[in-house]
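Colleague: Have a look at this one.
The values are calculated or read from the model by the stated rules, or taken from the named source; none is laboratory data. Since we're looking at a predicted model, the values are computed, not measured. Neighbour counts are summed over all protein chains in view; Cβ atoms, including those assigned to glycine, are modelled from backbone coordinates with ideal geometry. Just so you know, the surface numbers come from the protein's heavy atoms only, side chains and all, with ligands and any DNA or RNA stripped out. Shrake-Rupley method; radii C 1.70, N 1.55, O 1.52, S 1.80 Å.
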Amino acid sequence: MAFDYDLFVIGAGSGGVRAARFSAGFGARVAIAESRYLGGTCVNVGCVPKKLLVYGAHYSEDLEQAHAYGWTASAPTFDWPTLIANKNEEIQRLNGVYRSLLVKSGVKLFEGHARLVDPHTVEVNGERFTAEHILIATGTWPNVPDIPGKEHAITSNEVFFLGQLPKRVLVMGGGYIAVEFASIFNGLGARTTQIYRGELFLRGFDRSIREHLRDELTKKGLDLRFRTTIKRIDKQPDGSLSVTLDDGSTIETDLVMFATGRRPMVDNLGLENTGVTFNDDGFIRVDEHYVSTEPSILALGDVIGRVQLTPVATAEGMAVARRLFRPAEYRPVDYHGIPTAVFSLPHIGTVGLTEDQAVLAGHNITVYESRFGTLKLALTESNEKTFMRLIVDADTDKVLGVHMVGAEAGEIIQGMAVALKAGATKRVFDDTIGIHPTSAEEFVTMRTPIAA
Ligand code: NDP
């Protein structure tokens with residue numbers, strides 16, 4: 001059977017665009033459909049605008065600390081609409097970049113909602129197209145807990161477009177998004193409370209790192225409340241919100257933001273017309289080649305719920321494009337040693353095993369730590385502490401995990417991830433000459449393990 005396209009991609013986010021562009025570059029006839037915004041969550045309501053807001057929030061500390069370096073200026077004021085307008089302009093520019101990347105690589109772009117009619121047919125904007133392969137890269141959508149008054153709360157979909165900076169904010173959740181937005185609002189001057197149901201936020205990260213971040217955030221005035229949750233939200237006549245917690249106490253606030261995980265975006269995709277099935281969490285079930293239980297339909301990125309990170313989705317997109325249309329260059333995605341950062345203020349950067357994971361995996365471990373005030377802060381009144389940890393296999397000397405809380409943690413850990421990928425031992429770290437004076441040099445100068 002002759003198909004209209006070799007590959008039809010649904011969803012022009014990081015993973016879908018990468019698969020589409022490279023498949024077209026390898027000579028395939030490719031179409032892509034997008035119903036919302038080019039670049040997907042990361043570019044529009046995720047990583048990129050979030051990082052811009054994080055930069056914006058950090059300026060409050062920079063301006064304060066500049067006094068110690070001899071700078072004086074009249075009392076700084078912050079204007080949220082300016083930050084949002086400038087951010088919107090940058091995102092629009094990036095939307096344009098994505099559009100031109102697709103068009104220049106020969107991909108046919110449909111702006112509209114795509115729906116599967118059968119395993120080889122897609123309907124978009126009232127037209128039907130057939131394709132040999134169909135790739136679902138529709139990402140995820142914020143999960144909203146079923147709490148009375150939930151309609152008064154917002155999610156990360158809306159937060160980037162608020163008209164004004166609220167005076168008081170309550171963020172619910174203990175994952176990446178909650179921690180990052182609590183830091184953003186706190187840094188920009190809103191009185192911020194973060195509510196998390198567990199005993200300590202960022203479940204899955206190294207325990208000492210989580211504790212250190214908790215202490216640093218508390219020092220910066222963030223009101224952290226663990227082991228609690230929201231029971232109901234009531235709108236007051238003056239427009240403010242009264243939030244009742246499960247212990248019966250109330251918090252008055254101007255904004256409630258839910259950051260309570262994300263669900264796969266498979267609404268109205270017509271998957272019931274195919275043999276696609278889902279795993280227990282509702283994410284699309286795929287094999288090691290991202291092929292679903294319907295052989296002509298593939299899926300990748302957040303919608304398969306494996307690792308919800310942009311660079312992982314792009315790596316998966318690359319793997320799909322190569323396997324289908326340039327098999328000689330195919331390499332499977334290596335899911336080991338994926339580095340990641342949480343852009344709280346201060347940042348977390350991490351790669352490899354946490355202490356608990358290393359022990360659980362049966363390693364006999366040695367842990368090295370360093371906690372210090374950076375040189376940049378030495379002249380200032382800040383008592384922020386940077387924290388670094390190395391988890392080492394005591395038998396093989398291999399470095400199993402590198403973790404950090406502090407300025408530029410993401411930038412520093414990216415290099416550490418290469419070292420871990422190359423199988424670096426603690427001896428290799430020790431034999432590496434530091435760059436002085438930096439914070440990163442601490443990673444190659446830790447000599448004494450902490451007591452077991
Ligand atoms: P996460 O899965 O990271 O965190 C969800 C949080 O919400 C958890 O703390 C969870 O608690 C809590 N939660 C879930 N359901 C409820 C509920 N019903 N009531 C109360 N609390 C609840 O999701 P995020 O939304 O923060 O982020 C989604 C994904 O996006 C991340 O996993 C990450 O992969 C990616 N991301 C990456 C970023 C980066 O690289 N810097 C930034 C932002 C997002 P519990 O721990 O108890 O389950």
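Colleague: May I ask you to verify whether Ala321 is within 26 Å of Ala137 (Cβ to Cβ) and within 16 Å of the ligand (Cβ to nearest atom)? Explain how you work it out, then say what you get.
Modeller: Details: within 26 Å of Ala137 (Cβ to Cβ): yes; within 16 Å of the ligand (Cβ to nearest atom): no.
Against the criterion (within 26 Å of Ala137 (Cβ to Cβ) and within 16 Å of the ligand (Cβ to nearest atom)), Ala321 does not qualify.
Colleague: Out of the residues in segment 23-37 that are closer than 23 Å to Val159 by Cβ and surrounded by fewer than 23 Cβ atoms within 10 Å (Cβ to Cβ), which is farthest from the ligand (Cβ to nearest atom)?
Modeller: Kept after step one, since they are closer than 23 Å to Val159 by Cβ, are these residues of segment 23-37: 34-37.
Checking the rest, the ones that are also surrounded by fewer than 23 Cβ atoms within 10 Å (Cβ to Cβ) come to 35-37.
On the way: Ser35: 20, Arg36: 17, Tyr37: 17 Å.
The qualifying residue farthest from the ligand (Cβ to nearest atom) is Ser35.
Colleague: Further, regarding this structure: Quick one: which helices (runs of 4 or more DSSP H) lie wholly within segment 132-225 and hold at least 2 residues that are within 10 Å of the ligand (Cβ to nearest atom)? Can you show your working first?
Modeller: Numbers: elements: 156-159, 176-188, 207-219.
Result: 176-188.
Colleague: Go through Pro339, Pro332, Pro295 for me and flag whichever is closer than 30 Å to Ile10 by Cβ and within 13 Å of the ligand (Cβ to nearest atom).
Modeller: Values: Pro332 fails: within 13 Å of the ligand (Cβ to nearest atom); Pro295 fails: within 13 Å of the ligand (Cβ to nearest atom).
Just one listed residue meets the conditions, Pro339.
Colleague: Failed condition for Val159, given (1) of a type outside the set (Phe, Trp, Tyr); (2) open to solvent by less than 20 Å² (accessible area, probe 1.4 Å); (3) more than 17 Å from the chain's Cα centre (by Cα), with all others met?
Modeller: (3)
Colleague: Please count how many residues of segment 300-326 are of a type in the set (A, V, I, L, M, F, W, C) and closer than 13 Å to Ser14 by Cα. Write out each step before concluding.
Modeller: Of all residues in segment 300-326, those of a type in the set (A, V, I, L, M, F, W, C) come to 300, 303-304, 307, 309, 312-313, 315, 318-321, 324-325.
Restricting the remaining residues to those that are closer than 13 Å to Ser14 by Cα gives 300, 303, 309, 312-313, 315, 318.
Residues that pass the stated criteria total 7.
Colleague: Since Pro145 meets every condition but one in (1) under 24 Å from Arg18 (Cα atoms); (2) open to solvent by less than 40 Å² (accessible area, probe 1.4 Å); (3) under 27 Å from the mean Cα position of the chain (by Cα), which condition does it not meet?
Modeller: Among (1) under 24 Å from Arg18 (Cα atoms); (2) open to solvent by less than 40 Å² (accessible area, probe 1.4 Å); (3) under 27 Å from the mean Cα position of the chain (by Cα), Pro145 violates only (1).
Colleague: Consider Arg447 against the criteria (1) part of a loop (DSSP other than H, G, I, E, B); (2) out of contact with any Pro (no Cβ under 8 Å at 6 or more places or on another chain); (3) at pLDDT 95 or above: it satisfies all of them except one. Which criterion is unmet?
Modeller: The failed condition is (3).
Colleague: If you don't mind, another one. Which of (1) farther than 29 Å from Glu61 by Cβ; (2) under 23 Å from the mean Cα position of the chain (by Cα) does Asp246 not meet, given it meets every other one?
Modeller: (2)
Colleague: Out of everything in segment 342-367 that is part of a helix (DSSP H, G or I) and out of contact with any helix residue (DSSP H, G or I) (no Cβ under 8 Å at 6 or more places or on another chain), what residue ends up being nearest to the ligand (Cβ to nearest atom)?
Modeller: The first filter runs over segment 342-367 and keeps only residues part of a helix (DSSP H, G or I), leaving 355-360.
Subset that is out of contact with any helix residue (DSSP H, G or I) (no Cβ under 8 Å at 6 or more places or on another chain): 357-360.
On the way: Gln357: 16, Ala358: 21, Val359: 21, Leu360: 18 Å.
Within segment 342-367, the match that is nearest to the ligand (Cβ to nearest atom) is Gln357.
Colleague: Examine segment 62-84 for a residue that is open to solvent by 50 Å² or more (accessible area, probe 1.4 Å), within 23 Å of Asn186 (Cα to Cα) and in contact with a Leu (Cβ under 7 Å, 6 or more places away or on another chain), and state whether such a residue exists.
Modeller: For segment 62-84, residues open to solvent by 50 Å² or more (accessible area, probe 1.4 Å), within 23 Å of Asn186 (Cα to Cα) and in contact with a Leu (Cβ under 7 Å, 6 or more places away or on another chain): present.
Colleague: Is it true that Arg115 is over 24 Å from Thr314 (Cβ atoms) and crowded, with 17+ Cβ neighbours inside 10 Å?
Modeller: Values: over 24 Å from Thr314 (Cβ atoms): yes; crowded, with 17+ Cβ neighbours inside 10 Å: yes.
Criteria met by Arg115.
Colleague: Moving on. With Ser382, Ser370 as the choices, which residue is closer than 16 Å to Ile413 by Cα, away from the ligand (no atom under 16 Å from the Cβ) and open to solvent by less than 50 Å² (accessible area, probe 1.4 Å)?
Modeller: Values: Ser382 fails: closer than 16 Å to Ile413 by Cα.
The conditions single out Ser370.
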